[in-house]
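> Please find one structure pasted underneath; my questions will follow.
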Amino acid sequence: MKKRSLAARIGLAGAYAVAIGLVALVLGSGVIQCPFAALTHRPCPGCGSTRSVLALLHFHVGEAFWLNPA
């Protein structure tokens, strides 16, 4: 298996971070609703993660840890 350079690793990590941020923004905006939450009317662990990421994007670190402490 070929090792990737440091620049390639940093670029890949950045791409993952952008993708996760975009997914969090779309899910947090209400455009797409969580299927689990829609069926049970309760937030799933993934919903807590989404709200946590959104709080971090707004620099609300304490709220982010409160929403998803695990």
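The numbers here are math on the coordinates, done by the rules we state, and not lab data. From a predicted model like this one, the values you see are computed outputs, not experimental measurements.
> Taking 0.36 nm per residue of separation and subtracting the Cα-Cα distance, what length does fully extending A8 through I20 add?
Between A8 and I20, full extension yields 2.5 nm more.
> Same structure again: By how many degrees, between 0 and 90 and to the nearest 10, does the Cα long axis of helix 6-29 differ from the longest principal axis of the chain?
10
> If you don't mind, another one. Largest first and in whole Å, give the semi-axes of the chain's equivalent ellipsoid, each being the square root of 5 times a Cα gyration tensor eigenvalue.
Details: eigenvalues 155, 45, 26 Å².
So the three semi-axes of the chain are 28, 15, 11 Å.
> For C44, list long-range residues whose amide hydrogen, built 1.01 Å from N in the peptide plane, is under 5 Å from its own amide hydrogen.
Those lying under 5 Å, H to H, from C44 are A37.
> Quick one: helix 45-57 against the long Cα principal axis of the chain, what's the angle to the nearest 10°, folded into 0 to 90?
Around 70 degrees separate the two axes.
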